[in-house]
Amino acid sequence: MVKYLYSLDNSQPMTIEIKTGDAVADGDLLMISSGLVIPATAAATTIIGFAVGAAASGAMAKVQLLNEKSVVRIPYVGSTKTSLAAADLFGTGFDWDATNKKLNLDDTTGGFLKVVSYDNVADTADVVIDASTMWNA
């Protein structure tokens, strides 16, 4: 589940309603596909935000908009790499695991989630989303 923390540029978070192209769960990272929001996939290139509440396919979903300055907390998963370290901060782009709905520590190919802080006890990473993968890039 994605959770908004703060913005690096002090902007205020906002939500809008967008029609879904697939069912979304509360906290799903979302991307745009054919003008509709759907759960994000690995190597996504049209990230718009995350779901604030669940919505069925074809329904209107409440979406918290994100930009490249938004810091969000995301749980992580990995089998080869199982924790984060200082060397992972401020540069390494990790990819999204769409099956587990978590940051994938084992995948940096197409990675768009850049770690600014982490908690290896809670298995979470505070990340920004690479600007080139946002819906309006």
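Computed values, structure above
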read-out	value
Gyration tensor verdict on the stretch 34-95 (Cα atoms; rounded if a/c is under 1.5, prolate if a/b is larger than b/c, oblate otherwise)	prolate
Cα centre as origin, Lys/Arg/Asp/Glu Cβ charges: the chain dipole, Debye	220 debye
Relative contact order of the chain, defined on C-alpha pairs under 8 angstrom at six or more residues apart (%)	25 percent
Gyration tensor verdict on the stretch 14-65 (Cα atoms; rounded if a/c is under 1.5, prolate if a/b is larger than b/c, oblate otherwise)	rounded
Under-5 Å amide H pairs with Leu30, H placed in peptide plane, nonlocal only	Ala40, Ile48, Gly49, Phe50, Ala51
Contact order relative to length of the stretch 78-137, as percent, for alpha carbon pairs under 8 angstrom and 6 or more apart	29 percent
Label selected from (i) 44, 33, 33; (ii) 46, 30, 29; (iii) 41, 33, 26, the criterion being Cα extents along the principal axes in Å as computed here	(iii)
Estimated inter-spin distance, Met14 and Val121, nm [label 7 Å along Cα→Cβ]	3.8 nm
Prolate/oblate/rounded call for the stretch 70-133, Cα gyration tensor, a/c under 1.5 rounded	rounded
Cα-centre dipole for the stretch 75-137 with unit charges at Cβ (Lys and Arg positive, Asp and Glu negative), debye to 20	60 debye
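Every number here is computed from the coordinates shown, using simple stated rules; none is lab data. Nothing here was measured: the structure is a model prediction, and the numbers come from that model. Cβ coordinates were reconstructed from backbone atoms using ideal geometry, including for glycine residues, and neighbour counts include every protein chain displayed.
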